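Take a look at the structure below.
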Amino acid sequence: MMQMNIIENKDEWLKNYQSWRERRLQDLSSADIDKSYPFVKNRRAPFTPARRALPMLNLALISSAGAYIDGTTPFEINSIDGDLSHREIPVEVEAEDLRISSRGYDTTAIEQDINSQIPIERLFEFERNGIIGQLNPVFWSFCGYIPAAGRLVEELGAPLVQRLIRHEVQAALLVPASLLCHQSVGIVARMIEAAGIPTMTLAVVKDIMESVRPPRVGLYEGELGSVAGKPKWPEHQRRILDESLRLIEPMDQAGIRKLTVELESQVQIARGER
């Protein structure tokens, strides 16, 4: 039942996707994702109320930036359907030991500062300061360029949800990187929430979030490739994460909340406080 509701009108979507896929196979030189791509459209979102306060939660981080440990198999970025695998990575990993298999976004920011997309250092700070109870010992990584949303549900989402349950995760923060990542992450968030785990999805693309409808969204006017905050600007990253995570408990229904972080950041820039 959970999978049936993740993509509403799934048969119609699959028909549209197959048409898009056939056209793409005939013209592999076309842009990655254009206006012809049939983004998933949902009307409702699953929702699980937070049953514990943020300082008591075991929080999981899920990134679609395509990170993997150096020396292991990278993600396949040239598949027309996308790579449906995921990686389970210890949060103690050093940034220099991570590599990125990316498609659909500029990797400049993440190469300058891994926390702009995978904010492990910021979340460790939150753990030490008692803002969150615990950062889960591993985080989950996948490459969010996955046009085949139907396969994503069964081949990536389902096993990923089982790993979260095995780790006794009590809330999950999801961070997309590219345009299509917003859809992929939104679908995964719907699956996690349907399994009884509250989620928060960071976002910088409003229309895709409104279309896919992940349960909780913290939206701000940021940039693809640095959705967790501008590189080498820890305070910007902290503000985004703090404001979004603190919405998990008080939100009593699914929806998109606009973060005030961009307004405050503009004031800081004007004052030369960056």
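Where residues in region 229-241 are outside any loop (DSSP other than H, G, I, E, B) and more than 16 Å from the chain's Cα centre (by Cα), which of them is surrounded by the most Cβ atoms within 10 Å (Cβ to Cβ)? So, considering only residues that are outside any loop (DSSP other than H, G, I, E, B) and more than 16 Å from the chain's Cα centre (by Cα), the one surrounded by the most Cβ atoms within 10 Å (Cβ to Cβ) is His236. Among the residues in region 139-162, are any polar (S, T, N, Q) and under 20 Å from Met200 (Cα atoms)? Yes, there is a match, as at least one residue in region 139-162 is polar (S, T, N, Q) and under 20 Å from Met200 (Cα atoms). Restricting to region 145-166, name every residue that is out of contact with any Gly (no Cβ under 7 Å at 6 or more places or on another chain) and within 20 Å of Thr72 (Cβ to Cβ). Of everything in region 145-166, those that are out of contact with any Gly (no Cβ under 7 Å at 6 or more places or on another chain) and within 20 Å of Thr72 (Cβ to Cβ) turn out to be Glu155, Leu156, Pro159, Leu160, Arg163. Of everything in region 60-93 that is closer than 21 Å to Glu127 by Cβ and over 16 Å from the mean Cα position of the chain (by Cα), the residue that is surrounded by the fewest Cβ atoms within 10 Å (Cβ to Cβ) is Glu92. For residues that are over 14 Å from Ile248 (Cβ atoms) and touching a Pro at 6+ places or on another chain (Cβ under 7 Å), tally how many sit in region 38-65. The total comes to 3. Would you check if Phe124 is more than 21 Å from Tyr37 (Cα to Cα), surrounded by fewer than 18 Cβ atoms within 10 Å (Cβ to Cβ) and modelled with pLDDT of 95 or more? So Phe124 fits the description; yes. Filtered by the rule that a residue be assigned to a strand (DSSP E or B) and either among the hydroxyl-bearing types (Ser, Thr, Tyr) or touching a residue at least 60 places away in the same chain (Cβ under 8 Å) (or both), region 159-215 gives Ala171, Ala172, Leu173, Leu174, Val175, Thr199, Thr201. Among the residues of region 242-265, just one is surrounded by fewer than 18 Cβ atoms within 10 Å (Cβ to Cβ), among the β-branched types (Val, Ile, Thr) and part of a loop (DSSP other than H, G, I, E, B), namely Thr260.
The values are calculated or read from the model by the stated rules, or taken from the named source; none is laboratory data. Given the structure is predicted, the values throughout are model-derived calculations rather than measurements. When we count neighbours, we look across all protein chains shown, and the Cβ atoms used for this are built from the backbone with ideal geometry, even at glycine.
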